[in-house]
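These notes concern the structure reproduced below.
The values are calculated or read from the model by the stated rules, or taken from the named source; none is laboratory data. All values reported here derive from a predicted model rather than from experimental measurement. Cβ coordinates were reconstructed from backbone atoms using ideal geometry, including for glycine residues, and neighbour counts include every protein chain displayed. Remember, those area values only see protein heavy atoms, side chains included, never the ligands or the DNA or RNA. Shrake-Rupley method; radii C 1.70, N 1.55, O 1.52, S 1.80 Å.
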Amino acid sequence: MVDIAMIEAARDRLDGRARRTPLLSSPFLDEIAGRRLFVKAECLQHTGSFKFRGGWSAVSALEPSVRARGVIAFSSGNHAQGVALAAQLHGVPAVIVMPTDAPKLKIANTRAFGAEVVLYDRINEDRDAIGARLSEERGLTLIKPFDEPLVIAGQGTTGLEIAEQAAEERIDTATVLVPCGGGGLTSGIALALEARAPGFKVRPCEPKNFDDTTRSLASGKIERNAALQGSICDAIITPQPGNITFPILKRLCGPGLVVTDEEALDAMALAFTRLKIVVEPGGAVALAAALFHGKEIDGDTVIAVTSGGNVDTDVFEAALRRH
């Protein structure tokens, strides 16, 4: 359902809207990783995460009459902000259904982008039912966070940039590590690299106890997480891989990598100290895998995506105190 033509079309729609985020490096991080390590800093994207790419891709592709009625999305924060800003820039309403335990910064930012935020208890309430009711009442179009071809295509533009920037560095083979929740970013990057940098292998990265994609790739079928709470990596806590994303992951990705919350915090501190970027826990899991799980990775070059930087102050302070 998603191919390189869709990703390139999304790139064209994003031209002049999304940032071409940098590919960063540090000899200090190379030493820890035991190989060349490059960091694709999507935490520097608009709204502080790659999610703006997918949000703009989906909203901009709607028929004008449909878009004018407004959009609705479910998110713990980063997709919320991406869709909210895309809707604001198009001058259309946005309703975002967010869990009550989402980081305060993400809730505040979503409202600041002009969206109406509807909070729900993710343990006792059904966000799908809430969203279906609001969508029907107001005629809103649902923009899914990952299991939506236009969103996947938008996230895939990250992969096009990785291919271009790696070529500038004369890299023709690499392992590309990507933080993975439902798999929109991971599958989009994998599709882009299949077409534009076939010597690269994508591997999804997840937090311990929320490794549904890693287990699904190992078993060959979609596996579900037992819990929806219990990790600081809120941005990538999803019940299971998507029905659209998983077949792409299964076909194109290597085995998943799993890191602890503590390793994510350490990666956040090192990213700040050595690269001068702010990364949130879920956005740091790929960097944590590159730094602390080197024995599980092949090759002499790794590219780790830092997918988001929307972190509450107390969590960021806790990361820095560890170093």
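The modelled label-to-label distance between Arg251 and Ala318, using points 7 Å beyond Cα along the C-beta direction, is 4.0 nm. For the chain, the percent of C-alpha pairs falling in each 20 Å distance bin, counted from 0 to the bin holding the largest distance, reads 36, 59, 5. For the residues Leu160, Leu105, Leu265, a GNM of the chain with alpha-carbon springs under 10 Å puts the largest fluctuation on Leu105.
With the cut-off at under 20 Å, measuring from each backbone N in the stretch 132-154 to a point 7 Å along the Cα-to-Cβ line of Leu228 picks out 132-136, 142-148. Taking a temperature of 4 °C and a viscosity of 1.567 mPa s, what whole-number D in µm²/s does Stokes-Einstein yield for the stretch 30-156 with Rh from Kirkwood over alpha carbon pairs? For these conditions, the coefficient is 86 µm²/s.
Remark: the Ala68-Ala129 segment gains 19.7 nm on full extension, using 0.36 nm per residue and subtracting the alpha carbon distance. Here, the stretch 230-307 is characterised by an Rg to Rh ratio of 0.98, where Rg is the alpha-carbon radius of gyration and Rh the Kirkwood radius. Computed over the chain with a Gaussian network model linking Cα atoms closer than 10 Å, the most mobile of Ala271, Ala288, Ala227 is Ala227. Using a 1.4 Å probe on the protein chains only, how many percent of the accessible area of the chain belongs to carbon and sulfur? Answer for the chain: carbon and sulfur cover 50 percent of the accessible area. Bridging of Lys40 to lysines at a Cα separation below 21 Å is possible for Lys51, Lys201, Lys276, once same-chain residues fewer than 8 apart are set aside.
Of all the options Phe146, Phe28, Phe292, the one that moves most in a Gaussian network model of the chain with Cα springs shorter than 10 angstrom is Phe28.
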